[in-house]
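Quick notes on the structure that follows.
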Amino acid sequence: MKQRIVIALGGNALGDNLREQMAAARATARAVVDLIEAGHEIAVVHGNGPQVGMIETAFETAAKADRHFPVLPMSVCVALSQGYI
């Protein structure tokens, strides 16, 4: 049965260095091709989790050092990350 499948790929799924990222990309591409060949509609999107966490941590650290820096809500951290991408 044909399905629409969304694959969130990014952050932790890709590994911590270039070698891991290349291996993960190859394995993922093979799996995506198999799904497409089976007749499914695929959308690949960026997962974004670790990047949002780094932004949140950076602003929290800055706010502790200087009260003029805001502590940002999660929604703003997500929006910043999306804007960077």
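Nothing in this text is a laboratory measurement; each read-out follows from the coordinates by a stated rule. Predicted model only: the values in this text are computed from it and were never measured. Cβ placement follows ideal geometry from the backbone for every residue including glycine, while neighbour counts extend to all protein chains displayed.
At-a-glance table
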{"read-out": "Ellipsoid semi-axes in whole angstrom, largest first, where each is sqrt(5λ) of the Cα gyration tensor of the chain", "value": "35, 16, 7"}
{"read-out": "Added length on full extension, which subtracts the Cα-Cα distance from 0.36 nm per residue, Glu20 to Thr61", "value": "11.8 nm"}
{"read-out": "Estimated FRET transfer efficiency when R0 is 30 angstrom, pair Met1-Met74 (beta carbons, to 0.05)", "value": "0.25"}
{"read-out": "C-alpha long axis of helix 49-65 to longest principal axis of the chain, angle in °", "value": "0 degrees"}
